[in-house]
Amino acid sequence: MEVVIRPAPELATLAADIVEAAVRADPASVLGLATGSSPLAAYNALVRRHHENGLSFAGCRAFMLDEYVGLPLDHPARYANVIREAFTARVDFRDSKIHGPDANADDLPAACAAYERLIAQSGGVDIQIVGIGADGHIGFNEPGSSLGSRTRLKTLTGQTLADNARFFGGDVSAVPRHCLTQGLATIMSARHVVLLAVGQSKAEAVHQLAEGAVSARWPASVLQHHPHVTALVDEPAASMLELAGYYRETYAAKPPWQRL
Ligand code: F6R
């Protein structure tokens, strides 16, 4: 795992650089998209590059990490709507090429299995953008999640409900208790995982991600087994890293030919 500690605006640029390089090299790239606040600045950077430098997503396909169960289709906090507003409708992404687990299906396990099949049929995710919860979740794989899990129903923790109440007018009781999420093994199948973490509230989770024992207690720690993870973290999120000095030295001494 490569840990890059830089100010938040630069992290967004670096994440956008990774996506842009992939899409320019292969216009049919498959992108894994997270919602939440962490990737927003990176999406804004990609929108600017679309308008100013002709970066096109017309040939790309996207898979979302997760979706709340049971929200009305037009609910503004529904992740399918959030990602459209935050990113895909602001560029030339085709709606028909943006996929999420069908969290309004009558048969949720069947919808999860269908989502896994679709990801596999599309050749798998090339670049997976992820945020991290204060409790160490990626996607909505809360503590205790199987490290071998695939897309399935999960119950959100009280902390995640409280953290996400801001997207529901501050009303914790309005946040759905259940979601469908790609599993940890699903996320691990992506070719390159780009994790963004900003702010002090992520410090313990970032420490466990990079330096803790690999454990379902801190689900993101499974990424230590992935061959290509770029963890982009700002100073407050990096504040509990024991090897922060080494990560800084490594990034400063990075050979020019070696990309993220
Ligand atoms: C969102 C998702 C979540 C968030 C995480 C961090 O699709 O899967 O894992 O990435 O909860 O949320 P923010 O970025 O809002 O701090």
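Data overview
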| read-out | value |
| --- | --- |
| Intensity falloff of region 121-193 expressed as log10 I(q)/I(0), Debye formula with alpha-carbon point scatterers, at q = 0.16 Å⁻¹ | -0.60 |
| Computed Rg/Rh of region 115-260, alpha carbon atoms with Kirkwood Rh | 0.99 |
| Packing-based order for 148-158, 202-212, using average beta carbon neighbours within 10 Å, highest first | 202-212, 148-158 |
| Extension reserve of the residue 213-residue 48 stretch, reckoned as 0.36 nm per residue once the Cα distance is removed | 55.5 nm |
| Burial order of peptide ranges 184-193, 81-90, 125-134 (average beta-carbon count within 10 Å, highest first) | 125-134, 184-193, 81-90 |
| Peptides 117-124, 226-233 ordered by average Cβ neighbours within 10 Å, highest first | 226-233, 117-124 |
| Rounded to the nearest 20 debye, dipole of the chain from Cβ charges on Lys, Arg, Asp, Glu | 380 debye |
| Positive-end residue, the chain charge dipole about Cα centroid, Cβ charges, pick of 54, 12, 224 | 54 |
| Helix-only CD estimate at 222 nm, as mean residue ellipticity for the chain, using -39500 (n - 2.57) per DSSP H run (n ≥ 4) | -10000 deg cm²/dmol |
| Share antiparallel - DSSP beta bridges, the chain, percent rounded to 5 | 30 percent |
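None of the figures in this text is laboratory data; all of them are computed from the coordinates on show. From a predicted model like this one, the values you see are computed outputs, not experimental measurements. Here the Cβ is made from the backbone with ideal geometry for all residues, glycine too, and neighbour counts use every protein chain on show.
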